[in-house]
Amino acid sequence: MRFIGTKEDGRVVVLGVPLDVTTSFRPGTRFAPSEVRRISFDAIESYSPYLDADIEECDVGDLGDLELPFGNVTGALDIIEREVSRLLERGKRVVCFGGEHLLSLAAVKAHLDVYPDIVVLHVDAHTDLRDEYLGERLSHATVLRRIVDLGADFCQVGVRSGTREEFAFASDRALFFHPFSLPDAGRLSEVLGGRPVYLSLDVDVLDPSCCPGVGTPEPGGVMYSELVGFLAGLSGLNLVGADVVELCPLVDSTGNSAVVGASLLREVILLLCAP
Ligand code: MN
Ligand code: MN
């Protein structure tokens, strides 16, 4: 079932963001949007039994992939921010599909203009809270720190890799910090109440045994069924935007990671389709 790519516009729109410039280990996230689109044409149902919802019954559009300049980080981030802002001004809910995690900085910046009290729900194996990485302040390893610099509140779950300082920063500054595993969604809704939430899902939160096709694999992660159950629990939150990032499909020669990424994208799209 072709679950994205059939319609160009909708209330919820998927935007491919093949940003792939600061990846420190295995590059190739730029190929995720096209690979997932291909997979969605024939390998994935549009119906999610987890959410009892069907993309075919929702108003979902696919805007294709942004064209980004290679080697120009700030230029690429500007293009992403402008496009997401333009879509939010038209009343859309946007799912950015990466691409590397740094794209979230531009997407969150655009959302902050519309939702000044937005909370970023960061789901990742990595803390991404370094102040700089190899001398660079703009990196997939610093993205959440730059988002904090913008003034956004954040919750962080599933993390199991980072520096001691990053873990201390997270436990000090996060509204809710839940390392190593995924919390019961009820605890998150207690913390978040009705505040607008931006979900940033780095697929490397999954264990590499079920999703090896990522830029920076990290052992000790959650299983797919845990993640999809966690996502279903978010349906009670006021989700206003999301991204799915860091899938690096071509390093997994079985092709299974692209199927995992496409399946997660379906769940995230459906979460944003909720009224
Ligand atoms: Mn990340
Ligand atoms: Mn990560």
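The values are calculated or read from the model by the stated rules, or taken from the named source; none is laboratory data. No experiment lies behind these values; they were computed from the predicted model shown. Every residue, glycine among them, receives a Cβ derived from its backbone with ideal geometry; neighbour counts consider all protein chains shown.
Could you pull out the residue among 87, 66 that is surrounded by 13 or more Cβ atoms within 10 Å (Cβ to Cβ), closer than 22 Å to residue 274 by Cβ and in contact with a strand residue (DSSP E or B) (Cβ under 6 Å, 6 or more places away or on another chain)? Spell out how you get there, then give the answer.
Values: 66 fails: closer than 22 Å to residue 274 by Cβ.
Residue meeting the stated conditions: 87.
Let me spell it out: the conditions are (1) within 16 Å of ligand 2 (Cβ to nearest atom); (2) at negative phi; (3) outside any helix (DSSP H, G or I), and residue 128 meets all of them except one. Which number is the exception?
For residue 128, the failing item is (2).
Take region 79-106 and flag every residue that is within 26 Å of residue 126 (Cα to Cα) and of a type in the set (Gly, Ala, Ser).
Listed by number, the residues that qualify are 98, 99, 104, 106.
Go through the residues of region 42-52 one by one and say whether even a single one is in contact with a Leu (Cβ under 8 Å, 6 or more places away or on another chain), at pLDDT 95 or above and not small (Gly, Ala, Ser).
yes
Kindly check whether there is at least one residue in region 196-203 that is loosely packed, with under 15 Cβ neighbours inside 10 Å and either within 14 Å of ligand 1 (Cβ to nearest atom) or more than 24 Å from residue 167 (Cα to Cα) (or both).
First, the residues of region 196-203 that are loosely packed, with under 15 Cβ neighbours inside 10 Å: none.
Checking region 196-203: not a single residue is loosely packed, with under 15 Cβ neighbours inside 10 Å and either within 14 Å of ligand 1 (Cβ to nearest atom) or more than 24 Å from residue 167 (Cα to Cα) (or both).
Do we have residue 201 as outside any helix (DSSP H, G or I), within 17 Å of the chain's Cα centre (by Cα), farther than 21 Å from residue 16 by Cα and within 16 Å of ligand 2 (Cβ to nearest atom) here?
Numbers: outside any helix (DSSP H, G or I): yes; within 17 Å of the chain's Cα centre (by Cα): yes; farther than 21 Å from residue 16 by Cα: no; within 16 Å of ligand 2 (Cβ to nearest atom): yes.
So residue 201 does not fit the description; no.
Consider only pairs whose beta carbons are under 6 Å apart and that are at least six residues apart or on different chains; among these, list those whose first residue lies in region 245-260 and is under 14 Å from residue 98 (Cα atoms) and whose second residue is among the charged types (D, E, K, R) and surrounded by fewer than 24 Cβ atoms within 10 Å (Cβ to Cβ).
Sorted first by the residue in region 245-260, then by its partner, the pairs are 248/26; 249/35; 258/35.
In region 221-242, is there at least one residue being surrounded by fewer than 18 Cβ atoms within 10 Å (Cβ to Cβ), within 16 Å of ligand 1 (Cβ to nearest atom) and outside any helix (DSSP H, G or I)?
no
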